[in-house]
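What follows is one structure encoded as structure tokens, with my remarks underneath.
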Amino acid sequence: MVLEIYLDLFSQPCRSVYIFAKKNGVPFEYKSVSLLAGEQYGEEFGKINVLRKAPAIRDGDFCLAESVAIMTYLAEKYKTPDHWFPADLQKRAQVNEYLSWQHSAMRPHGSKIFWLKLMIPRVMGTEVPKEKMDAALEDLDGTLKLFEEKFLQDRPFIVGDQISLADLVAIVEIMQPVGAGLDVFETRPKLSAWRDRVRDAIGAELFDEAHQGILSSQESAKSMDSSKLQHFKARILKKFL
Amino acid sequence: MSSAPVKAYLDILSQPSRAVLIFLRHNRIPHTVQTVALRRGEQKSAEFTRLNPMQKVPVIEHGGFVLTESDAILKYLATVYDVPEHWYPREPLQRARVDEYTAWHHSNTRPHAARVFFMEVLMPSMLGRPADPAKLQKAVDELEQTMQKLGEMFLKRQAFLCGDDISIADLLAICEIMQPLGGGRDILKNHPNLQSWRSRVQAALGEPFIEAHGILYRLRDKTAARL
């Protein structure tokens, strides 16, 4: 039975898993889960992941969630090139360090911009108060500064000379606010240069394919039927407003 | 690999700091502790900021190698030192389960438990007045749901979060779950399955667990005395 990967490319962690699997020639069946349409609440998907989050994989009887865990599992199983998740203890620790930090930094701060700028106005029908938007922008700005200062510094990639899971996870999160119309690269040449290297290392075609959905989300938001998005309302009220 | 002792920069009031300290002590890993008192803002000193620009604890330094982030630290220590394998299993499926938890931990157990502690204990201490009751209740409700998910998705019918044996997942989780105790709140009150798990974890960790958490019991008693 072939590996099943459950994905929605609007989701950052889904993009990193997708890119990783495709880049490394991992044989898998792409199982689409439309988060916008609420497909994660279906009965079948509940069997894959009781918490109903994507990405998730089913490898025979083994089900696994959490993009970081999925990618390190695949790296080991398919013996992907060392640079993705180095065997060297210190390099590996540095990859783990970034993958850990980003959960409470890049991920929420980038994600929030996408929600405040694009999703909430579409679902709730109102713009978000300026102070909330400004605060979110400040958070993201601070995070990007730390990213450049501590994780990039003068290196081509986060851990040394080659791309690793750290860069992959970082780039997909940073692309999320870009999809909402915030060009974070415009005023940050160092970040842009890194983005170019990452895109190159992944392969421009694969990178662009994975990001096509998110980069056209401003357009698709206009044609989104807001009545179908109402299942997000409770979460929005709890989390953002 | 360096045979130098590990230098650990910690504040025992910090949940991830406790996890690292307990691991070092329980596994008898040669180490020294440098306290960074968060309440006195010592993490903002020029010296500490040079070590860690994030201005957070825990940090370790091992033969010149500096590492932050508790789960990265625990995984590094478990690999470098000859600790029992159950802490961070080598078998891929078992390891994936631990990695799955340590990822989920960051957006769930950690922030939700920390928020309740922050609102009930730290904020009043800093601002001189209690937290907004509605906001506190919202945080408590969210934590309650997270504990529910912890049981459903991870513990299930197992002895520990990721299998039959204790791992770094349990260590990280328990330190977060203990934190609200500093404000006199037992967040496992409605979760008998997690209470049994907590007892098993405490038993497995032994003396280092008790020592490390002494500060929370003292804080709880101080908080209670103030009311």
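Considering only region A:12-21, I want to know if a residue exists there that is more than 22 Å from residue A:180 (Cβ to Cβ), surrounded by 21 or more Cβ atoms within 10 Å (Cβ to Cβ) and in contact with a Leu (Cβ under 8 Å, 6 or more places away or on another chain). Among the residues of region A:12-21, at least one is more than 22 Å from residue A:180 (Cβ to Cβ), surrounded by 21 or more Cβ atoms within 10 Å (Cβ to Cβ) and in contact with a Leu (Cβ under 8 Å, 6 or more places away or on another chain), which makes the answer yes.
This table checks each residue for (1) assigned to a helix (DSSP H, G or I); (2) acidic (Asp, Glu); (3) more than 16 Å from residue B:116 (Cβ to Cβ); (4) at pLDDT 95 or above.
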residue: B:148; (1), (2), (3), (4): yes, no, no, yes
residue: B:151; (1), (2), (3), (4): yes, no, yes, yes
residue: B:172; (1), (2), (3), (4): yes, no, yes, yes
residue: B:177; (1), (2), (3), (4): yes, no, no, yes
residue: B:196; (1), (2), (3), (4): yes, no, yes, yes
residue: B:214; (1), (2), (3), (4): yes, no, yes, no
residue: B:217; (1), (2), (3), (4): yes, no, yes, no
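So is residue B:48 within 25 Å of residue A:151 (Cα to Cα), at pLDDT 95 or above and aromatic (Phe, Trp, Tyr) or not? Judged against the criteria, residue B:48 is a match.
Determine whether region A:182-197 contains at least one residue that is closer than 29 Å to residue A:39 by Cβ and surrounded by fewer than 20 Cβ atoms within 10 Å (Cβ to Cβ). Within region A:182-197, one or more residues are closer than 29 Å to residue A:39 by Cβ and surrounded by fewer than 20 Cβ atoms within 10 Å (Cβ to Cβ).
Residues in region A:86-101 that are more than 7 Å from every other protein chain (Cβ to nearest Cβ) and over 18 Å from the mean Cα position of the chain (by Cα) were compared, and the one that is nearest to residue A:151 (Cα to Cα) is A:94. Residue B:119 falls short on exactly one of the conditions (1) in contact (Cβ under 8 Å) with a residue 24 or more places away in the chain; (2) surrounded by 18 or more Cβ atoms within 10 Å (Cβ to Cβ); (3) in contact with a helix residue (DSSP H, G or I) (Cβ under 6 Å, 6 or more places away or on another chain), and that condition is (1). Take the conditions over 19 Å from the mean Cα position of the chain (by Cα) and modelled with pLDDT under 95 and apply them to residue A:227. Does it pass? It is true that residue A:227 is over 19 Å from the mean Cα position of the chain (by Cα) and modelled with pLDDT under 95. In the set (1) touching a residue at least 40 places away in the same chain (Cβ under 8 Å); (2) within 12 Å of chain A (Cβ to nearest Cβ); (3) within 19 Å of the chain's Cα centre (by Cα), residue B:68 fails one condition alone, (1). Taking region B:134-155 as the range and being surrounded by fewer than 16 Cβ atoms within 10 Å (Cβ to Cβ), without any contact (Cβ under 8 Å) to a residue 40 or more places away in the chain and either within 25 Å of residue A:48 (Cβ to Cβ) or within 11 Å of chain A (Cβ to nearest Cβ) (or both) as the test, the residues that pass are B:138, B:141, B:145, B:152.
Free of Cβ contacts under 8 Å to residues at least 40 places away in the same chain, away from chain A (no Cβ under 13 Å) and either out of contact with any helix residue (DSSP H, G or I) (no Cβ under 7 Å at 6 or more places or on another chain) or more than 24 Å from residue B:224 (Cα to Cα) (or both): is that true of residue B:53 in this structure? For residue B:53, the condition - free of Cβ contacts under 8 Å to residues at least 40 places away in the same chain, away from chain A (no Cβ under 13 Å) and either out of contact with any helix residue (DSSP H, G or I) (no Cβ under 7 Å at 6 or more places or on another chain) or more than 24 Å from residue B:224 (Cα to Cα) (or both) - is not met. With the structure loaded, tell me whether residue B:181 is more than 14 Å from every other protein chain (Cβ to nearest Cβ), assigned to a helix (DSSP H, G or I) and over 23 Å from residue A:239 (Cα atoms) or whether it fails that test. Yes, satisfied. Can you go through A:78, A:73, A:41 and tell me which one is farther than 20 Å from residue A:173 by Cα, at pLDDT 95 or above, surrounded by fewer than 16 Cβ atoms within 10 Å (Cβ to Cβ) and among the hydroxyl-bearing types (Ser, Thr, Tyr)? So the residue among A:78, A:73, A:41 that is farther than 20 Å from residue A:173 by Cα, at pLDDT 95 or above, surrounded by fewer than 16 Cβ atoms within 10 Å (Cβ to Cβ) and among the hydroxyl-bearing types (Ser, Thr, Tyr) is A:78. A Cβ distance below 9 Å, combined with a sequence gap of six or more or placement on separate chains, defines the contacts here; from region A:76-104, residues that are outside any helix (DSSP H, G or I) reach residues that are of a type in the set (Asp, Glu) and modelled with pLDDT of 95 or more in the pairs A:85/A:76; A:88/A:82.
Within region A:109-125, residues that are within 14 Å of residue A:223 (Cβ to Cβ) and charged (D, E, K, R) reach partners that are part of a helix (DSSP H, G or I) and modelled with pLDDT under 95 with beta carbons closer than 7 Å, at six or more positions or on different chains, in the pairs A:122/A:221; A:122/A:226; A:122/A:229. For region A:23-38, does any single residue satisfy the condition of being part of a helix (DSSP H, G or I), at pLDDT 95 or above, surrounded by 18 or more Cβ atoms within 10 Å (Cβ to Cβ) and on the phi < 0 side of the Ramachandran plot? Within region A:23-38 (the criterion being part of a helix (DSSP H, G or I), at pLDDT 95 or above, surrounded by 18 or more Cβ atoms within 10 Å (Cβ to Cβ) and on the phi < 0 side of the Ramachandran plot), the answer is yes, since at least one residue qualifies. Scanning region A:55-109 for residues that are over 28 Å from residue A:182 (Cβ atoms), out of contact with any strand residue (DSSP E or B) (no Cβ under 9 Å at 6 or more places or on another chain) and of a type in the set (Gly, Ala, Ser) returns A:69, A:75, A:87.
If you go through region A:121-145 and pick out every residue that is loosely packed, with under 15 Cβ neighbours inside 10 Å and within 14 Å of chain B (Cβ to nearest Cβ), you end up with 2.
Number of residues in region B:77-105 that are touching a Phe, Trp or Tyr at 6+ places or on another chain (Cβ under 9 Å) and facing chain A (nearest Cβ under 7 Å) equals 7. In region B:47-62, is there at least one residue being of a type in the set (Lys, Arg) and surrounded by fewer than 17 Cβ atoms within 10 Å (Cβ to Cβ)? Within region B:47-62, one or more residues are of a type in the set (Lys, Arg) and surrounded by fewer than 17 Cβ atoms within 10 Å (Cβ to Cβ).
Residue under question is residue B:131, and the condition is that it be among the aliphatic types (A, V, I, L, M), out of contact with any His (no Cβ under 9 Å at 6 or more places or on another chain), buried (at least 18 other Cβ atoms within 10 Å of the Cβ) and under 21 Å from residue B:9 (Cα atoms); does it hold? So residue B:131 fails the test.
The values are calculated or read from the model by the stated rules, or taken from the named source; none is laboratory data. Computed from a prediction, not measured in an experiment: that's the story for all the values here. FYI the Cβ positions are ideal-geometry reconstructions off the backbone, even for glycines, and counts take in every protein chain you see.
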